[in-house]
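Single-structure report; data block below.
The values are calculated or read from the model by the stated rules, or taken from the named source; none is laboratory data. Everything numeric here is computed off the predicted structure, so don't read it as measured data. Counting neighbours? That spans all protein chains shown, and the Cβs are built from the backbone with ideal geometry, glycine included.
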Amino acid sequence: PTEKYTLLRGRVLDFHSRPEGEADTAAYRYIEDGAILMKDGKIKAVGAYCDVAAKATDAAVTDHRPNLLMAGFIDTHVHFPQVQVIASWGSQLLDWLNNYTFPEETRFESPVHCEAMAGHFYDLLLSHGTTTAVSFCSVHTASVDAYFSEAARRNMCMIGGKVMMDRNAPDALTDTPVSGYDNSKALIDKWHGKGRAHYAITPRFAITSTPEQMEMAGALVAEHPECFVQTHLSENHDEIAFTAELYPQAPDYLGVYESYGLLTPKTLLGHSIHLQPREIEVLAETQAKPVFCPTSNLFLGSGLFDDAGLRSKNIQNAIATDIGAGTSYSMLQTLNEGYKVLQLQNQKLHPLQAFHWITRGNAEVLGLADRIGTLEVGTDADIVVLNSRATPAMDLRMQCAETLSEELFVLQMLGDDRAIAETYVAGKAMKHTSGKTALAEG
Ligand code: GUN
Ligand code: ZN
């Protein structure tokens, strides 16, 4: 059964490439009185309102003027089982994991708990304008089932996987090399490619996997080149020192993952802060992707991500929240903190580059720019509606904003979930209804 056409009217912005600045008009498309025509979950036409409206005279029109219509935001590193860990006081990485994170993740042994938390997790993503995320689930297969079931219910493009961890964690939170492999493989068969789901093979990090488990993870990567790989790299100095003790034969931290065959263009490496020159060369060779997590890096006092340094070596990176060490679900607030991390290193982030990063840039890192991250015809209709006057402070500042770049910077520095007027997933408005309600309404 084919649906009716739906037409969204508003100011349309998307990206063709990473802009140098506002004058680089070949890098982006901005339409002042624009429209997006959607049907069956896809974008069917984009352009000036008068042209698009003439093509579909029977379309149901939602007028979002004067708001901005952009591709839904993409969060490339987040921990679904840490929704109740966010804002836990006082530690850096290893203590934070032991004191707060591991105890909380043990609760995901219960499928009922997993399902309840998945509902909250997706409500939070959508209310913050995030339509795709790449998540670590817990060690328990039930957490992955809940994660992908809830995503399917909302028709969301989601990437995730079962954390593999077999040491340096509570017994209730460890698998074994064999069970980690078997359970991951069963979950790949069950979920990868089902609807909009993609599986990520997920050894948590070098500290929590034995060499035997790393070897099994490498076997999975070789057997499933269609899957993503995600882990953590060089976030914190104590973590790096402990990794060197556990893998004395490795030349450096990245060398551990390299030696087990975990580095591919579909590998996402959370943090990647304190890198040696050899590690940077290996990133460039393998095209594994560093992921910048600014709110988390500041919250845990981990360090400053060298965006310009990596870009100068042609290493493409992604940006992400890293909930629950991250402190906001908002990709706008993530850009706010990211801007400041770069300021501390005298690096500049132009607002057009910032919005490219959380849409097309992240989609390109995932190899999914033909489906998400832009408003191109034929792609999935995942769209965010942004109100740059959502709060009194934003409204007052906007009275003096003259350019698109200024407006985007106001959104980036002052915006959060209040600036998200609506979030569309595969053409359906999702911000104000929980996924379950939306499904019941068809
Ligand atoms: N390294 C290993 N696990 C984690 C995690 O859950 N959060 C962060 N920030 N770093 C990690
Ligand atoms: Zn993480």
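A few remarks follow.
- Hey, THR334 within 16 Å of ligand 1 (Cβ to nearest atom) and β-branched (Val, Ile, Thr) or not: yes
- GLY160, sole failed condition from (1) within 22 Å of SER110 (Cα to Cα); (2) within 16 Å of ligand 1 (Cβ to nearest atom); (3) free of Cβ contacts under 8 Å to residues at least 60 places away in the same chain; (4) not β-branched (Val, Ile, Thr): (3)
- Helices (runs of 4 or more DSSP H) contained entirely in region 344-442, each with at least 2 residues that are closer than 26 Å to MET38 by Cα: 351-356, 362-365, 404-414, 435-440
- Of all residues in region 133-178, those that are touching a Phe, Trp or Tyr at 6+ places or on another chain (Cβ under 8 Å) and of a type in the set (S, T, N, Q) total 3.
- For SER296, the test of being in contact with an Asp or Glu (Cβ under 9 Å, 6 or more places away or on another chain) and part of a loop (DSSP other than H, G, I, E, B) is failed.
- Count of region 242-270 residues, restricted to those that are within 16 Å of ligand 1 (Cβ to nearest atom) and either under 20 Å from ASP306 (Cα atoms) or outside the structural domain of SER135 (by TED's automatic domain parsing) (or both), is 6.
- Any pair with Cβ under 7 angstrom, 6 or more apart, that starts in region 302-327 at a residue that is within 16 Å of ligand 2 (Cβ to nearest atom) and ends at one that is of a type in the set (Asp, Glu): SER302/GLU235; ASN317/ASP307; ALA320/ASP75; THR321/ASP75
- Some residue of region 209-219 being farther than 22 Å from SER135 by Cβ and within 16 Å of ligand 1 (Cβ to nearest atom): yes
- Of the criteria (1) surrounded by 17 or more Cβ atoms within 10 Å (Cβ to Cβ); (2) within 12 Å of ligand 1 (Cβ to nearest atom); (3) in contact (Cβ under 8 Å) with a residue 40 or more places away in the chain, which one ILE273 fails: (3)
- Filtered residues of region 173-208 (kept if aliphatic (A, V, I, L, M) and more than 16 Å from ligand 1 (Cβ to nearest atom)): VAL178, ALA186, LEU187, ILE188, ALA197
- For GLY301, the conditions (1) more than 16 Å from ligand 1 (Cβ to nearest atom); (2) over 15 Å from LEU349 (Cβ atoms) are fulfilled apart from (1).
- Residue in region 288-296 that is surrounded by fewer than 16 Cβ atoms within 10 Å (Cβ to Cβ) and away from ligand 2 (no atom under 15 Å from the Cβ) present: no
- When region 211-255 is filtered for residues that are part of a loop (DSSP other than H, G, I, E, B), in contact with a Lys or Arg (Cβ under 9 Å, 6 or more places away or on another chain) and crowded, with 17+ Cβ neighbours inside 10 Å, the ones remaining, listed by number, are HIS224, CYS227, ASP252.
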